Amino acid sequence: MTEAPLDVYRSYDAPAAPPNEKQETMLAAERMDEQQIVESMKGRMIEKLFHEIEQRRPDGVIIKIPVLAWAGVKYFALQLGHMTVEKVELNETEDKYRATAWAYDKKRDIRVMGAAEQSKMMKLRDGSKIPDEFALAKVVSKSQRNALKALIPETLISEAFQQWKNRKPST
């Protein structure tokens, strides 16, 4: 199979109603996380812990919304050292995979669930669909991300984002 550049992939189904700004932000973050997951599956190192997604406010001003990336969730869960994914359950329909992950914070004795759904087909920019060879890996990774992210304190994410944003670019 010939690999297409990652930016031609759109593996989400378009919503029935026109998406609002928040939905657009979530879809954009989801696409970027899918790219990180695929890159990681190919053995490439992922260093981007946050996504910055442009969003237009009602007054027309464009702002950047910070979103913790898939790699960022993995990084913080490993750095904190007391979070683990205990279990992942998979379900399958003809068209989609569904995964439910349970994560546990040993320090705070908190258990949470994260879920994700992933189409088995990937929609290309030209509208055609092809089988998504990474669909199963994506749904498992996203369910784990969703569960672990719920355990990471928002204050930690906010402080880390400020440090990341104010970092000096490497030369």
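The values are calculated or read from the model by the stated rules, or taken from the named source; none is laboratory data. What you are looking at is a predicted structure, and each value in this text was computed from that prediction instead of being measured. Cβ coordinates were reconstructed from backbone atoms using ideal geometry, including for glycine residues, and neighbour counts include every protein chain displayed. These accessible areas exclude ligands, DNA and RNA; they are computed on the full protein's heavy atoms, side chains included. Shrake-Rupley method; radii C 1.70, N 1.55, O 1.52, S 1.80 Å.
In the chain, the portion of solvent-accessible area held by carbon and sulfur atoms comes to 51 percent [1.4 Å probe, whole percent, DNA, RNA and ligands not counted]. With protein chains left intact and a 1.4 Å probe, residues in the stretch 89-163 average 58 Å² of accessible area per residue. Spin-label model, GLU54/GLU159: points 7 Å from Cα along the beta carbon direction are separated by 3.3 nm. Report, in whole Å, the centroid distance computed from the Cα atoms of the stretch 70-109 and the stretch 133-169. Centre-to-centre distance over Cα atoms comes out at 11 Å.
Within the same chain, lysines fewer than 8 places from LYS138 are excluded, and of the rest, those with a Cα less than 18 Å from its Cα are LYS42, LYS48, LYS74, LYS87, LYS96, LYS120, LYS123, LYS129, LYS149. Taking packing as the residue-averaged number of other Cβ atoms within 10 angstrom, the listed peptides 63-69, 88-94 run from highest to lowest as 63-69, 88-94. When its C-alpha radius of gyration is set against 2.2 N^0.38 Å (N residues), the chain gives a value of 1.09. Note: relative contact order over the stretch 21-69, using C-alpha pairs below 8 Å and six or more positions apart, is 36 percent.
Distant-in-sequence amide contacts of ASP132, defined by a placed amide H-H separation under 5 Å and a gap of 5 or more residues or a different chain, comprise MET121, MET122.
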